[in-house]
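Colleague: Submitted below is the structure of interest, expressed as structure tokens.
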Amino acid sequence: MCGRFYIDEETYLDIRNVVSEVDASLKRMHVTGDIHPTETAPVIVSNDFKNLQLCSKAWGYPGWQKKGVIFNARVESVMEKRMFQNGIHYHRAVIPAAGFYEWSRQKEKNTFYRNGKPLYLAGFYDRFDKEDRFVILTTVANASMRPVHDRMPLVLEKDQIRSWLWEEKQAQGMLRQIPVLLERYVPYEQQNLFE
């Protein structure tokens, strides 16, 4: 679930207005387009002065025995998993996106987005081999996602960003929230004549 998301120019400019500081490495890299696991992406974190900072981090924790990559974590079990303990408690992050993709059982690519607004995906990061790496939290699908998949990213509201990053108790409460309904676009959707 949530194995690819994208950032467009409009979303990137909007996000720059939300944060206080933009890391120098982001100013030098191309930050728009599709983001796949293991690639670097813009991530909103808290800096030492309790300001919002936009920086780049790699997507996905190293998998068991250095095989594969773990790029999502379930909200239902994240607090119990030892691998995620440090990140979820001390390094929460927000992953901005214009939208994300999910494929149906019929292998149709579905694009989920919020009309005219960025998506703020809840996540966290930790340090592995001198590199910060993040994961995106997933939750049970809401009504807009359910026809395609039973899971979806935990989408935060813009006014929840600071609480997610700094307020432990409020962040734990957000793990139980139902994300906002999203728009869905499918370039071609198979029609069933017998429905």
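Colleague: Scan segment 80-105 residue by residue and report those that are open to solvent by 50 Å² or more (accessible area, probe 1.4 Å) and either closer than 17 Å to Ala171 by Cβ or polar (S, T, N, Q) (or both).
Modeller: Answer for segment 80-105, where residues must be open to solvent by 50 Å² or more (accessible area, probe 1.4 Å) and either closer than 17 Å to Ala171 by Cβ or polar (S, T, N, Q) (or both): Glu80, Lys81, Gln85, Asn86, His89, Tyr90, His91.
Colleague: Suppose the filter is surrounded by 13 or more Cβ atoms within 10 Å (Cβ to Cβ) and under 25 Å from Ile178 (Cβ atoms); does Glu108 pass it?
Modeller: Criteria met by Glu108.
Colleague: Considering only segment 31-62, how many residues are among the aromatic types (Phe, Trp, Tyr) and loosely packed, with under 13 Cβ neighbours inside 10 Å?
Modeller: Qualifying residue count, segment 31-62: 1.
Colleague: Out of curiosity, is Phe84 of a type in the set (Phe, Trp, Tyr) and touching a Ser or Thr at 6+ places or on another chain (Cβ under 8 Å)?
Modeller: No; evaluated as a whole, the condition is false for this residue.
Colleague: Would you mind telling me which numbered condition in (1) touching a strand residue (DSSP E or B) at 6+ places or on another chain (Cβ under 9 Å); (2) surrounded by 12 or more Cβ atoms within 10 Å (Cβ to Cβ) Glu10 fails?
Modeller: (1)
Colleague: Here is a further query. Is there any pair with a first residue in segment 93-122 that is without any contact (Cβ under 8 Å) to a residue 60 or more places away in the chain and a second that is open to solvent by 20 Å² or more (accessible area, probe 1.4 Å) and of a type outside the set (Gly, Ala, Ser) whose Cβ atoms are under 6 Å apart and which are 6 or more apart or on different chains, and what are they?
Modeller: Trp103/Lys109
The values are calculated or read from the model by the stated rules, or taken from the named source; none is laboratory data. Quick caveat, the model's predicted, so the values are computed rather than measured. Virtual Cβ from ideal backbone geometry, glycine too; neighbours counted across all protein chains shown. These accessible areas exclude ligands, DNA and RNA; they are computed on the full protein's heavy atoms, side chains included. Shrake-Rupley method; radii C 1.70, N 1.55, O 1.52, S 1.80 Å.
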